[in-house]
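Report on one structure; see the data block that follows.
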Amino acid sequence: MTGLKGAAAPSPGTSLGEQLLAVIDQMPEGSISLGALMDVFGDEGLLLLTALLVIVFLVPVSIPGVSTVFGAAILLVGVSRLTGRPLWLPRRLRERGLPGAKVRSALTAGLSWVRRFEKISRPHRLHRLAETRFWLFVGNLAFITAALLLMAPLSFLPFSNTLPAIALLFYAIGFIQRDGGAILIGHVAQLSAVVYFGGVLAGGGAAVSRLMG
């Protein structure tokens, strides 16, 4: 498997889209491990890494098993933020190989969505949601919940990955730019995902009950 070079920690004056594009340009065509992606970002770029991982789910490209792998990594990013401890990845997850060319294609296609969402964001808007201890705690818990929804084995359902991915992308943008408005949009997207999943599961349960009865 091939690695990546350079670093991608968020830098002042550089847009999220530009930072992500710089990483995508470094991606190899062959197999790439999740650990290699983690290394190029480092601890300071965890939110940027989250944005990079979730844009795969904004485009109709099928990469088997990727929601579990990426969702687990994002979940650990959320736990790291919540506990204030350095990110740790299990060796099996860290060494999991991914098809570099396919991932790169999906990321490049999804980058246009990141740039659209960037235009909605405004640094320091509703800043209390992004800066005060209580609301950061709530936001990090919501971030973790969205990652769990992304990992749920419901890929057969339309939008099952898309809604949590949108929530996570807005959380990442909101935390990076201290934009409480983006975080609020993330909460709305996540609530929509919970309502959607709940409605589907309730409908499926009712159908099973009718069949059993």
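Each value in this text was obtained by applying a stated rule to the coordinates, not by laboratory testing. What you are looking at is a predicted structure, and each value in this text was computed from that prediction instead of being measured. Note that each Cβ is placed from the backbone with ideal geometry, even for glycine, and that neighbours are counted across all protein chains shown.
For the stretch 124-139, the Karplus equation 6.51 cos²θ - 1.76 cosθ + 1.60, evaluated at θ = phi - 60°, returns couplings of 6, 6, 6, 4, 4, 5, 10, 10, 6, 4, 4, 6, 5, 4, 4, x Hz by residue, with Gly and Pro reported as x.
The shape of the stretch 16-212 can be summarised by an equivalent ellipsoid whose semi-axes, obtained from the alpha carbon gyration tensor, come to 25, 22, 16 Å from longest to shortest.
Annotation for the stretch 106-196: chymotrypsin sites (Phe, Trp or Tyr not before Pro) lying in DSSP loop with at most 10 further Cβ atoms inside 10 Å of their Cβ are Phe156. Close amide H partners of Ser31, meaning residues 5 or more places away or on another chain with modelled amide H under 5 Å apart, are Thr2, Gly100. Computed from backbone phi, the HN-Hα couplings of the stretch 114-122 come to 4, 5, 5, 5, 4, 5, 7, 6, 9 Hz, rounded to whole numbers (Karplus: 6.51 cos²θ - 1.76 cosθ + 1.60, θ = phi - 60°; Gly and Pro given as x).
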